[in-house]
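Read the structure below first, then the notes.
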Amino acid sequence: MHIGIDVGGTNTDAVLMAGDRVLATIKTATTQDVTTGIRDALDGLAEAHPFAPGDIDVVAIGTTHFTNAVIQASGLAATAVVRLGLPAAAGIPPLTGWPARLRSAIGEHVHLCHGGHEFDGREISPLDPDELKRVAEDIVACGVDSVAITSIFSPVNQEMELAAAEILRAQVPWLRISLSHEVGRVGLLERENATIVNASLLPVADRITGAFHAALVKVGIEAPLYLSQNDGTLMDAEYVRRYPVATFAAGPTNSMRGAALLSGLSDCVVVDIGGTTTDVGAVVGGFPRPATTEVDIGGVRTNFRMPDVVSIGIGGGSRVVLGEESVVGPESVGLRLHTEGLVFGGSTLTATDVAVAGGLADIGDPALVAHLDRARVRRCLDAIARRVGVLADTMRTSAEPIPMVLVGGGSVLLPDSVPGFDKVVRPENYAVANAIGAAIAQVGGEVDRVFSAADGSRVDILDKAKDEALRKAVLAGADEDTVRVVEVEELPMAYLPGDAVRVRVKAVGDLVLGGTR
């Protein structure tokens, strides 16, 4: 049996599953103390479907903690930034364009050093060990524990990043180091930004994974803990401690995976409406379609792997001003919905109240919203459906009809028909699709590299990338007998000489169970 948990801004959802079969679901209010919220969800599952703690094989959790830490600039570590590239790449220094609050949170510890490679692996300049030893001295003097190392074209050749990390650790053994070739993709500034964000989150990762472990221990569950990452696969707690950025956008990703399972549709547009936002994405072949452009995280441009998701501030907890032209969101009562919403005896008109008044939902006490003007309620609900329909339409890549799948507790805001879509599916257990997506997630491995003609023929290059992706999935904890390649993408890079091509390959497999991890 698997337990899947999704910690959202309003609710914490949990499911107990045996394979693809849902045994029990629970939706509880997210607490300020997240450990308590998870423990409450686990207790609720045990009441709905009693189980022995030893019967649980895996616990998978999706969380927004790391995203929120960056957006709020809270709890981030002071981080030294080391760029290997001199005499090139000095024109735009690290942290350029970062919001002031984030620069202040991590400090202005920037070091430009010699090193780096061209796209074909040739050195720009040799690494200077003495230069890096002086950097280490400055890091100690400033009291910095986290370091982000980025070398030009390190996705092609990682040698200098690895060598620089070894030199710094020899001088300062307690350093926590993030290497850009392990975090981001081709594109120096965005990859560097992603690496800095990752390094600054390392203490947050230690704290959050420790809290999740404590919650499981308190209810007697000793099963392996995994966290959801943003490509629809899982990573163990140790991996999260090294690469916390991989959790960004895991919530919408889980919802899309869960929606695909519950609806039986491998290709669809998924609309996930929670308490605060509506997230819309596309599922292709059962997995979320990845974004192909840079992603903005808290005002910082990054290029690590993210799903193609668009969002608006409409959710079950959205504040509503009801009038001839109603205003819905983006402000939300969030986790206070269960006390502030009118149907729960509160004094704030929310989108949930409007849905209840319009007959779309049976939540709380409908008598408490009976006084709302029915015509205005209907116009408000129609406006919500139109806004979501327009947003979902942006996910199309062709004029061909594509079904829409509605999930999330807030999807009660929408009727069974949405403008622009011929088929709208609201599957069973739609309200906890995010937790289901976490519970069924597999383990993945991905390769994203630039190859040149010197690396062999097209077939040789693709075989090399596929083998590496399969190997990474197995190392991450996948059962070797179940691993398969699910995505292959080739992008010729015409602006580089040597017939350069960027190849991205993704492989997934089922978790190895039975205590072997």
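What ranking, highest mean first, results for peptides 276-286, 292-302, 188-198 when packing means the other Cβ atoms within 10 Å averaged over each residue? Mind showing how you got there, number by number?
On the way: 276-286: 22.5, 292-302: 16.7, 188-198: 26.6.
Listed from highest to lowest mean packing, they are 188-198, 276-286, 292-302.
Listed by chain and number, the lysines placed with their C-alpha closer than 22 angstrom to that of residue 472 are 464, 506; residues fewer than eight positions away on the same chain are left out.
Using DSSP, restrict attention to beta bridges with both residues in the chain and report what percent are antiparallel, rounded to the nearest 5. Show your work: numbers first, answer last.
Working: 56 of 90 bridges.
Percent antiparallel among DSSP bridges in the chain is about 60.
If you take all other residues with their beta carbon under 15 Å from the beta carbon of residue 493, and give Lys and Arg +1 and Asp and Glu -1, the sum is -2.
Computed from phi, the 3J(HN,Hα) profile of the stretch 235-242 under the Karplus parametrisation 6.51, -1.76, 1.60 (θ = phi - 60°) reads 9, 6, 4, 5, 5, 4, 5, 9 Hz, with x in place of Gly and Pro.
Under the 0.36 nm per residue contour assumption, what length would be gained going from the current alpha-carbon distance of residue 385 and residue 213 to full extension?
Numbers: separation 172, 0.36 × 172 = 61.92 nm, distance 4.03 nm.
Using 0.36 nm per residue and subtracting the Cα-Cα distance, I get 57.9 nm.
Backbone geometry of the stretch 303-309 corresponds, through the Karplus equation with coefficients 6.51, -1.76 and 1.60 at θ = phi - 60°, to 3J(HN,Hα) couplings of 9, 7, 4, 9, x, 7, 10 Hz, x marking Gly and Pro.
Here the simple spin-label model places points 7 Å from the Cα toward Cβ, and for residue 467 and residue 393 these points are separated by 4.9 nm.
The accessible surface of the stretch 21-176, taken with every protein chain in place and a 1.4 Å probe, is 51 percent carbon and sulfur.
Rounded to the nearest whole Hz, the Karplus-based 3J(HN,Hα) values (6.51 cos²θ - 1.76 cosθ + 1.60, θ = phi - 60°) of the stretch 346-360 follow the sequence x, 10, 10, 7, 10, 4, 4, 4, 5, 5, 5, 5, x, x, 8, with x at glycine and proline.
Relative to the current alpha-carbon distance between residue 510 and residue 103, full extension at 0.36 nm per residue lengthens the span by 142.5 nm. The fraction of accessible area contributed by carbon and sulfur in the stretch 221-326 is 48 percent, rounded to a whole number (1.4 Å probe; ligands and nucleic acids excluded).
Residues in the chain average 40 Å² of solvent-accessible surface per residue, probe 1.4 Å, ligands and nucleic acids excluded. Modelled spin-label separation between residue 460 and residue 365, with each label point placed 7 Å from Cα along the Cα-to-Cβ direction: 7.6 nm.
On full extension, the segment bounded by residue 68 and residue 133 gains 19.9 nm, given 0.36 nm per residue less the C-alpha separation.
Would you calculate, for the chain, the mean residue ellipticity at 222 nm contributed by helices, counting each DSSP H stretch of 4 or more residues as -39,500 (n - 2.57) and dividing by all residues, to the nearest 500?
-9500 deg cm²/dmol
Would you mind checking the stretch 75-96 for residues with the amide N under 19 Å from a putative spin-label position 7 Å along Cα→C-beta of residue 296? Under 19 Å, as judged by backbone N against the label point of residue 296, lie 95-96 of the stretch 75-96.
Rounded, prolate or oblate: which one fits the chain, using the alpha carbon gyration tensor with axes a ≥ b ≥ c (rounded when a/c is under 1.5, else prolate when a/b beats b/c, else oblate)? The shape class here is prolate.
The values are calculated or read from the model by the stated rules, or taken from the named source; none is laboratory data. Quick caveat: nothing in here was measured; it's all calculated off a predicted structure. Backbone-built Cβ (ideal geometry, glycine too); neighbour counts: all protein chains shown. Remember, those area values only see protein heavy atoms, side chains included, never the ligands or the DNA or RNA. Shrake-Rupley method; radii C 1.70, N 1.55, O 1.52, S 1.80 Å.
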